[in-house]
2 protein chains.
Amino acid sequence: MKIIKNTKEMQDISLRLRAEGKKIGFVPTMGYLHDGHLSLVKRSKELADITVVSIFVNPTQFGVNEDLDSYPRDLEGDCTRLEKFDVDYLFNPDAEDIYPANYHTYVEVETLTENLCGRSRPTHFRGVTTIVSKLFNIVLPHYAIFGQKDVQQCYVIKRMTEDLNLLPQIIINPTVRENDGLAMSSRNKYLTKEERIIAPAIYQSLNTGKEIILKGERNADKIVAVITATLEKYLLFRIDYIDIVDTKNLQKVNEITGDVIIAAAVFLSKARLIDNVIVKI
Amino acid sequence: MKIIKNTKEMQDISLRLRAEGKKIGFVPTMGYLHDGHLSLVKRSKELADITVVSIFVNPTQFGVNEDLDSYPRDLEGDCTRLEKFDVDYLFNPDAEDIYPANYHTYVEVETLTENLCGRSRPTHFRGVTTIVSKLFNIVLPHYAIFGQKDVQQCYVIKRMTEDLNLLPQIIINPTVRENDGLAMSSRNKYLTKEERIIAPAIYQSLNTGKEIILKGERNADKIVAVITATLEKYLLFRIDYIDIVDTKNLQKVNEITGDVIIAAAVFLSKARLIDNVIVKI
């Protein structure tokens, strides 16, 4: 695996690979890789000739009081993991190369970014779309693979890619979970022993909501109330949001009349964990 | 010359040309082509193997009370002109293909877009950067050629291209002028006979300012006052702005200590004409 630091060098490699007719698969990450990330790498290896993984803890997607400084990092461990999967290139740029001193350009997706995580993290998606559009222009992939855990991010990136005529096909992989159902996340590292024990209740409560819908309940408020009550049994949870949204446009629904996503963001001390389930009716 | 309407078809052609090792030169326009545009086409023909010209009157760069509907159009005449220059592809998409109903993504360059034309046309550059980033992603050019008349646009597009790691090298061509000095512009068509006679005073007044600087004057307000007085001799002019800005960052200067641009926007009835001169001291 070749480690590339420089953006121009990475772009030149990608242009050369494309000229050679190679299909490029791309997995953008912030590092501290877990099996969720590695499932995306595996998917890229199946789809493409060449797999590029990026590790960049992107400052513009963190709010001022968020966890940029404490975000877990383990480049050495990440390299070992990626080498086992025969990844071709690790793109690991410095922040100064991505955002030089006179940097001034931002990419923004409207509407889709207003609710769910966008409400509690108002500048988050602008940071995500800016960095992802840059990475797409540098790596020039045929396929870019994202995990369904970050479901709003998946929708926003699909929208941006289509709107800006960016090159890659966006591939969404299912959420990878621990044995007890907790969605894998680099932020699970923040959990204390006690928090880790109760954390799977998030996914369980979403599944409870799903079951209620499948049994016929169509009133979103009632379903959210049940999920909320399930989580509030544990004093350590602080709910950011629990919302039921349309799969077509991520807009909140009151009455369920088609396929929906039940999405939640929950704090356990400093860890803000997100998860979601899709419900097809 | 092949006329391409569909964005996907244009992108596929560009990908194929790149795979064949061809260098692509690109001239984005809003049509109603004059010798200024054609000088850009000529430059592309010199630089690249394949020249793509786009004609698209981009609605998102016009303000609500601006001249989108009356903007001059002459596709047939444009085709004749481009064929004489052996242009390879004319990309002429429909607005519905560029901005479909669920379109939601915008590209914005901060700081550089705040003064000069950005002050009187607050949403203009956001429209320009959005369409140009889209066109760059569709046409995937090695070179993109713009005219110095739109000097702020040139700076903004250079900044965006660098910031978003877009592929083309940005080439700036000198302003092409009528025999009497008036900068060529599709909007000159709006001028009445009387307005057309006095319009060259804009460029003349900028040159007067330039001469004053070259003779040693360094106070920007004094120079702007002379230019303003020159133009105010003609009752038909309505000055939008006359500013002296630093060539490094387009920021307004009070005291001239390095190379500057004198830039002006002036209304003659509904025609808003812009022009600028660079002054190297």
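The values are calculated or read from the model by the stated rules, or taken from the named source; none is laboratory data. Only a predicted model underlies this, so the values are computations on that prediction, with no experimental measurement involved. Neighbour counts run over all protein chains shown; Cβ positions are idealised from the backbone, glycine included. What goes into the accessible areas is simple: the full protein's heavy atoms, side chains included, and nothing from ligands, DNA or RNA. Shrake-Rupley method; radii C 1.70, N 1.55, O 1.52, S 1.80 Å.
Worth a mention:
- Per residue of B:163-172, other chain Cβ atoms within 10 Å of the residue Cβ number 4 on average.
- Among the residues of A:98-105, the average count of other protein chain beta-carbon atoms within 10 Å of the residue beta-carbon is 5.
- Here the 3J(HN,Hα) profile of segment B:257-265, calculated from phi with Karplus coefficients 6.51, -1.76 and 1.60 at θ = phi - 60°, is 10, x, 5, 9, 10, 9, 10, 9, 10 Hz, Gly and Pro shown as x.
- Helical mean residue ellipticity (222 nm; -39500 (n - 2.57) per DSSP H run of 4+; nearest 500) of the protein assembly as shown: -11500 deg cm²/dmol
- Ranked from shortest, the separations from the 7 Å Cα-to-Cβ label point of A:Ile197 to its equivalents in the other copies are 9.4 nm.
- Here, P(r) means the percent of Cα pairs in each 10 Å bin from 0 to the largest distance; for segment A:60-132 it is 15, 36, 33, 15, 0.
- Of A:Lys42/B:Lys8; A:Lys248/A:Lys280; A:Lys158/A:Lys248; A:Lys158/B:Lys8, those spanning more than 20 Å from alpha-carbon to alpha-carbon: A:Lys42/B:Lys8
- With protein chains left intact and a 1.4 Å probe, residues in chain B average 44 Å² of accessible area per residue.
- Once the chain from A:Thr192 to A:Glu211 is taken as fully extended at 0.36 nm per residue, the excess over their C-alpha distance is 3.9 nm.
- Selection of GluC sites (Glu not before Pro), segment B:1-75, meeting DSSP coil and at most 11 other Cβ within 10 Å: B:Glu20
- About the centre of its Cα atoms, the protein assembly as shown shows a dipole size close to 260 debye [charges on the beta carbon of Lys, Arg (+1) and Asp, Glu (-1) only; nearest 20 debye].
- Of the peptides A:165-172, B:22-29, the order by per-residue mean of other Cβ atoms within 10 Å, starting with the highest, comes out as B:22-29, A:165-172.
- DSSP beta bridges in chain B [antiparallel fraction, %, rounded to 5]: 50 percent
- Whole-percent carbon and sulfur share, accessible surface of chain A, 1.4 Å: 49 percent
- 3J(HN,Hα) couplings calculated from phi for segment A:19-28 with the Karplus curve 6.51 cos²θ - 1.76 cosθ + 1.60 (θ = phi - 60°) are, in sequence order, 5, 7, x, 6, 8, 9, x, 9, 10, x Hz; Gly and Pro show x.
- Rounded FRET efficiency, nearest 0.05, which uses the C-beta distance separating A:Ile278 from A:His34 and R0 of 22 Å: 0.55
- Considering only A:Lys134, A:Lys233, A:Lys189, the mean-square fluctuation computed in a Gaussian network model of chain A, springs between alpha carbons under 10 angstrom, is largest for A:Lys233.
- With label points defined 7 Å past Cα in the direction of Cβ, position A:Glu232 shows copy-to-copy spacings of 6.9 nm, given to one decimal and shortest first.
- The mean number of Cβ atoms from other chains found within 10 Å of a Cβ in peptide B:149-162 is 1, as a whole number.
- Other copies of B:Asp94: label-to-label distances in nm, shortest first, labels 7 Å along the beta-carbon direction: 5.1
- Residues in segment A:152-166 carry Karplus couplings, in order, of 5, 4, 4, 5, 5, 5, 4, 4, 4, 4, 5, 4, 8, 6, 6 Hz; the curve used is 6.51 cos²θ - 1.76 cosθ + 1.60 with θ = phi - 60°, and Gly or Pro positions show x.
- Close amide-amide hydrogen proximity is noted between B:Val279 and B:Val260, B:Ile261, B:Ile262, each under 5 Å apart and 5 or more residues distant or on a separate chain (H modeled in the peptide plane; Pro and chain starts excluded).
- These residues, A:Arg73, A:Arg126, go from largest to smallest accessible area, 1.4 Å probe, as A:Arg73, A:Arg126.
- Stokes-Einstein D in µm²/s, Kirkwood radius over Cα pairs - the protein assembly as shown at 4 °C with 1.567 mPa s viscosity: 49 µm²/s
- Between chain A and chain B, the total buried accessible area stands at approximately 2500 Å², from heavy atoms with a 1.4 Å probe.
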